[in-house]
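Asker: Let me begin by handing over the structure; questions about it come next.
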Amino acid sequence: MTTTQSFGSRVRDAIATRGPLCVGIDPHDALLTEWGLPVSAAGAREFSLRVVEASAGEVGIVKPQVSFFERYGAAGFAVLEEVLREARAAGLLVIADAKRGDIGSTTEGYAQAWLAPGAPLESDALTVSPYLGVGALEPAFEAAAQYGKGLFVLAATSNPEAIALQSAFDADARTVTEQVIDEVSERNRRTTEPGGWGSFGFVIGATVDLAARGVPAHLDPPAPILAPGFGAQGALLRDLGDIFGALAPTVIASESRGILRAGPHGLIPAIRTRNEELEIARG
């Protein structure tokens, strides 16, 4: 079954309705312990479902970090399936932060696992790595377009190890980041209605020097930008406009630890505080 609305349209609606905040669902050891929960699949389940419950009606988007569920093996994947299902049932757009990237039939397998309607791990969008070549992700682009789902392609990440690679220049004097954005944007141009947002977005860290990394001032067509780095990593939500300039209207501001450290009873106030900051930033 193919949805009639593209992911680009759905994420634009979510931002317009609920604002750009994305709540990360990261049940790592320290947070589970702070919440008084066991460091186990059961603890991750309790933690994550509470985050989903607090997020529903307050934001439009959540982002489970898949690694924190994988670590528990089959039990962790069962929890992740439940979390994904409950979040989507609550009306939240779910970005599975799995950073998958491979070639050929393997990429097709990942795409079917995370994007196909009815799949146990079905999500609304998936983070993917282009560093085996953007073209290697073609099966994922095709599946996302077929199913009305989205991809977020790593373009300018905030980890220091990425700087040398992503800032390197190709034969056309483009940085690797710029090359990735160009290639993905070309796919968006082929699949996006005039005036719409592309369904293939980018991961661009809020702490990155965008000009040095080669991030263009505009995207053609506009596409969602998943921007980690707010909160514990140092970027301030109130500075979103200054950081991203003309790209700001399509930015999804992702924050995890800063919100999750508020504890189970402080989640909603923490989310509302962030939403207020973003409202001020948007003017």
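Asker: Taking amide H atoms as placed 1.01 Å from N in the peptide plane, list the residues 5 or more away in sequence, or in a different chain, whose amide H sits under 5 Å from that of GLY201.
Answerer: LEU151, PHE152, VAL153
Asker: Follow-up. When you take every Cα atom in the range 199-283, what is the radius of gyration, and what is Dmax, the widest Cα pair distance, in Å?
Answerer: Considering the range 199-283 through its Cα atoms, Rg and Dmax are 13.4, 42 Å.
Asker: Now for a separate question. Give me the dipole magnitude in Debye, nearest 20, for the range 7-277 about the Cα centre, with unit charges on the beta carbon: positive for Lys and Arg, negative for Asp and Glu. Don't jump to the answer; show the numbers that get you there.
Answerer: Values: 22 positive and 33 negative charges, 93 e Å.
Dipole size: approximately 440 debye.
Asker: Over all directions, average the projected area of the Cα convex hull of the chain and note it in nm². Before the final figure, lay out the partial values.
Answerer: Numbers: hull surface 55.3 nm².
Result: 13.8 nm².
Asker: Ranking LYS99, LYS149 by Cβ neighbours within 10 Å, fewest first, what do you get? Walk me through the intermediate numbers first.
Answerer: Numbers: LYS99 16, LYS149 25.
Listed from fewest to most nearby Cβ atoms, that is LYS99, LYS149.
Asker: Helix by helix through the chain, keep the DSSP H runs that span 18 Å or more along the axis on Cα and average at least 0.0 on Kyte-Doolittle, and give those back in order.
Answerer: The qualifying helices are 41-55, 73-89.
Asker: Right, something else. Each label point is 7 Å from the Cα along the Cα-to-Cβ direction; what then is the distance between the points at THR4 and ALA116, in nm?
Answerer: With each label placed 7 Å out from Cα toward Cβ, I get 2.5 nm.
Asker: Compute the length gained on full extension between ASP172 and ALA30: take 0.36 nm times their separation in residues and subtract their Cα-Cα distance, giving the result in nm to one decimal.
Answerer: Working: separation 142, 0.36 × 142 = 51.12 nm, distance 4.55 nm.
Net length gain for the segment: 46.6 nm.
Asker: Give me the extension gain from THR106 to ALA56: residue separation times 0.36 nm, minus the current Cα-Cα distance, reported in nm with one decimal.
Answerer: Numbers: separation 50, 0.36 × 50 = 18.00 nm, distance 3.36 nm.
Full-extension gain reported as 14.6 nm.
Asker: Something else: So if each residue of separation counts as 0.36 nm, and I subtract the Cα-Cα distance between THR17 and ARG257, what length gain in nm does that give? The partial results should precede the final answer.
Answerer: On the way: separation 240, 0.36 × 240 = 86.40 nm, distance 2.40 nm.
Extending this stretch completely gives an extra 84.0 nm.
Asker: Give me the distance in nm between label points sitting 7 Å out from Cα along the Cα-to-Cβ direction at ALA217 and GLN233, one decimal.
Answerer: 2.5
We did not get these values from a lab; they are worked out from the coordinates using the rules stated. Everything numeric here is computed off the predicted structure, so don't read it as measured data. Positions of Cβ are generated from backbone atoms using ideal geometry, with glycine treated the same way; all protein chains shown enter the neighbour counts.
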